[in-house]
Amino acid sequence: IQVAFQPVADARTGAVRSAEALVRCWHPQLGDVPTEHIVLSAEAHGTALELFRTVLRAALSAVREWRATGLLETVSVNVAPALLADERTLAICEGELATAGVPPEALVLEVTEHYGVDDLARHGARYRARGIALAIDDFGVGHSAVGRLAGMPVDVVKLDRTLVAGLDLDERREVVVALANQIAHALGARVVAEGVETGPEADVLRGAGVDALQGFGICPPLPFAAMTAYLEQLRAHRDAGPI
């Protein structure tokens, strides 16, 4: 099991202050194993909590170094709804934060929308009370409706790639994205668009007022060392200023 990091860029300035930690696995016979297979296997074998701890530990170790050098402020880790409801998960978060020497506000937990709405409503407040931020992932699929945002105690809403792909060619999706963005902002949440692949998609999302962009069109997931080099390069360009 390895962990890669995908930058989340400010939609207006391009600055990267956050990244998502993503599970990766390579098998000598099978090659790259899809992330969903890793997660499903862990759930089937009763090791989902250990997988979460492994990714969390790597993510906190990385963000500790990035915060110390001023490269990045927060890191997000995916958590299954069932784990969010498990009291051991909060204890693991607090323990790993303490071990890493990282403040709770450096951590964001992402919960998949089409499975975790009810779990977020019931259990999310416990995490936020400890200073850990919550994000609703894959918003726009499953049970989603913009009106349900009112019942989600979250700090970040991540728009699913199905809403983003080809957004510049579909006015109806533009309307949905703009509406979701307005409601999320009214409720005090930031909005991140996932799966951004093209410049025109990014332009429409900026026009809609989305806060941040994530996807291969911005930057693919990178191992820790490559991610550090990418962040350092961004800082060097920023410090150099306009030519």
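The values are calculated or read from the model by the stated rules, or taken from the named source; none is laboratory data. Since we're looking at a predicted model, the values are computed, not measured. Glycine also receives a Cβ, built like all others from the backbone with ideal geometry; neighbour counts cover every protein chain displayed. These accessible areas exclude ligands, DNA and RNA; they are computed on the full protein's heavy atoms, side chains included. Shrake-Rupley method; radii C 1.70, N 1.55, O 1.52, S 1.80 Å.
Taking the accessible area of the chain, probe 1.4 Å, and keeping the other protein chains in place, the carbon and sulfur fraction comes to 56%.
In terms of Cα atoms, the Rg and Dmax of the stretch 1-57 work out to 14.2, 44 Å. Per-residue extension of 0.36 nm, minus the Cα-Cα distance of Glu73 and Thr13, leaves a gain of 20.0 nm for this segment.
With the dipole of the stretch 1-86 worked out from charges on the C-beta (+1 for Lys and Arg, -1 for Asp and Glu) around the Cα centre, which of Val23, Val39, Ala9 lies farthest toward the positive end? Result: Ala9.
Taking the radius of gyration and the Kirkwood hydrodynamic radius from Cα positions alone, what is the Rg/Rh ratio for the chain, to two decimal places?
Ratio of gyration radius to Kirkwood radius: 0.95.
Taking the convex hull of the alpha carbon positions in the stretch 127-243 and averaging its projected area over all directions gives 9.3 nm². A 1.4 Å probe run over the protein chains yields, for the chain, 48 Å² of accessible area per residue, whole-number rounding.
Evaluating 6.51 cos²θ - 1.76 cosθ + 1.60 at θ = phi - 60° for every residue in the stretch 56-62, the Karplus couplings come out as 4, 4, 5, 5, 6, 4, 5 Hz, glycine and proline recorded as x.
Annotation: amide H-H contacts under 5 Å for Ala11 (H modelled 1.01 Å from N, sequence separation of 5 or more, or interchain): Ala212, Leu213.
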